[in-house]
Amino acid sequence: MTPQLFPGRFPDTRLRRVRRHLWLRRAVAETTLAPADLIWPLFVHDHEMAVPVASMPGVERLPIEGIVRAAGEAMRLGISAIAIFPVVDPARKTDDAAHAYDPENLACRTVRALRKECGDALGIVCDVALDPYTSHGHDGLLKDGQIVNDETVDVLCRQAVVLADAGCHVVAPSDMMDGRVGSLRLALDEHDHDDVAILSYAAKYASAFYGPFRDAVGSASALGTAAGLGVADKKTYQMDVANTDEALREVALDIAEGADMVMVKPAGTSLDVIHRVKTSFGVPTFAYQVSGEYAMIKAAAESGWLDGAKAALESVLVIKRAGADGIFTYFAPDIARALAR
Ligand code: PBG
């Protein structure tokens, strides 16, 4: 009998056929994760011992040697880069954040140790923002109850230059001041760092999910003092969670100013934004699965409420599916190990 194209009923499309076997599911998977998609954020401090971060089970603040060891592990696992976040001694925090551009600060010393050990085999990303260095924990300078933009940008430029001098490959401004990407590009170029890339946190939201990170680096208590000064949150510079068009404008400006790569943050609550950014601009797009996203999965897993490893993998895979080329995640080593199995 000659088969008819539409024999009076639906063609027998059965979508379950391609779900039947693991090999087939893998063969048709549209999105795959690889260790090279991952960037591992690490906290460094000036103590000899590793100290756990209570609100981020499994994450520790490490001494420089511990960071170097972690970098070795990252390379073995095929993770592409690590991102360094210093826990700065409160005695070093000032209103003018001057320690941010001290070439002997912890971030710079860590970068030098890493480059000595890893050369260019592992990417080193450094945050550019003043929150580890200000007595009030804000990412910018505070004058008369306002976070001042242009004075802050000057300090950010000095900070970026010492980090580049120390040898970082990428500076990642996470401060959300206007115009900082263009100024950073000029400052870096003037200091012969035209090879240092800028990954701008272009669309960074004023999010409740940064809480554990602020515990980890000690800026939460500092921000507490800022409450007394009338600026308890970061909403005058980080974006309103309600907006996405504004995110696209931020990205467009940062690209125009010379950003090589852009970041959306937090990742899990901004999958729509990641998608819009990637499809609108086609630039290297990163997303940051932040501390609170990590902590939620960990807490639920520790309570036995979900399978932590599976939830972690899924949460990162969907960030890739949304359009991210690379993902900053505290799960990076766990996921890289799971992918290797
Ligand atoms: C600081 C900075 C923050 C994070 C990365 N860089 C915190 C903030 O903006 O308050 C958050 C990362 C995380 O929560 O994992 N500029």
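The values are calculated or read from the model by the stated rules, or taken from the named source; none is laboratory data. Given the structure is predicted, the values throughout are model-derived calculations rather than measurements. Cβ placement follows ideal geometry from the backbone for every residue including glycine, while neighbour counts extend to all protein chains displayed. Note: areas computed on protein heavy atoms with side chains; ligands, DNA, RNA excluded. Shrake-Rupley method; radii C 1.70, N 1.55, O 1.52, S 1.80 Å.
Among A312, A242, A232, whose mean-square fluctuation peaks in a Gaussian network model of the chain (Cα, cutoff 10 Å)?
Among A312, A242, A232, the largest mean-square fluctuation in the Gaussian network model of the chain belongs to A242.
Quick one: grab the alpha carbon gyration tensor of the range 35-340, order the square roots of its eigenvalues as a ≥ b ≥ c, and give me rounded if a/c is under 1.5, else prolate or oblate depending on whether a/b is larger than b/c.
rounded
Springs between alpha-carbon pairs under 10 angstrom, Gaussian network model over the chain: which of G58, G304, G323 fluctuates most?
Answer for the Gaussian network model of the chain: G304.
If you roll a 1.4 Å probe over the range 35-340 with all protein chains in place, what percent of the accessible area is carbon or sulfur?
It is 53 percent, rounded to a whole number.
May I ask which of K234/K278; K143/K320; K93/K204 have a Cα-Cα span longer than 30 Å here?
The answer is K143/K320.
Report the extension gain between L229 and T244 in nm, rounded to one decimal, defined as 0.36 nm multiplied by the number of residues separating them, less their alpha carbon distance.
Value of the extension gain: 2.4 nm.
Give me the distance in nm between label points sitting 7 Å out from Cα along the Cα-to-Cβ direction at A220 and A27, one decimal.
The modelled label-to-label distance comes out at 5.0 nm.
Could you give the accessible area per residue of the chain, probe 1.4 Å, as a whole number in Å²?
48
Hey, what did the chain get for relative contact order, percent, Cα under 8 Å, at least 6 apart?
18
Loop only by DSSP, 14 or fewer other Cβ within 10 Å of the Cβ. Give me the chymotrypsin sites (Phe, Trp or Tyr not before Pro) in the range 236-341 that pass, ordered by residue number.
Sites meeting the loop and neighbour criteria: W305.
List the cysteines of the chain that have no other Cys Cβ closer than 4.7 Å: which are they?
If one checks each Cβ against the other cysteines of the chain, C108, C118, C157 turn up with nothing under 4.7 Å.
GNM on the chain, C-alpha springs below 10 Å: top fluctuator among V148, V44, V170?
V148
In whole Hz, what ³J(HN,Hα) sequence does the range 238-250 give by Karplus (6.51, -1.76, 1.60; θ = phi - 60°), x for Gly and Pro?
Coupling constants for the range 238-250: 7, 6, 6, 4, 5, 10, 10, 4, 4, 5, 5, 5, 4 Hz.
What full-extension length gain, to one decimal in nm, is calculated for A338 and D178 as 0.36 nm per residue of separation minus the Cα-Cα distance?
53.6 nm
Report the Cα centroid-to-centroid distance between the range 323-341 and the range 17-80 in angstrom, as an integer.
Here the two parts' Cα centres lie 5 Å apart.
With a ≥ b ≥ c taken as the square roots of the eigenvalues of the C-alpha gyration tensor of the range 271-340, please select rounded if a/c is under 1.5 and otherwise prolate if a/b is larger than b/c or oblate if it is not?
Prolate, because a/c is 1.5 or more and a/b exceeds b/c.
Can you give me the angle between helix 106-118 and the longest principal axis of the chain, using Cα atoms only, in degrees from 0 to 90, rounded to the nearest 10?
50
Would you work out if the range 170-326 is rounded, prolate or oblate? Take a ≥ b ≥ c from the square roots of the eigenvalues of the alpha-carbon gyration tensor; rounded if a/c is under 1.5, else prolate when a/b is larger than b/c, oblate otherwise.
It is oblate, given that a/c is not under 1.5 and a/b is not larger than b/c.
What is the packing order of peptides 245-256, 191-202, 20-31, taking the mean over residues of other C-beta atoms within 10 Å and listing the highest first?
Ranked from most to least packed, the peptides come out as 191-202, 245-256, 20-31.
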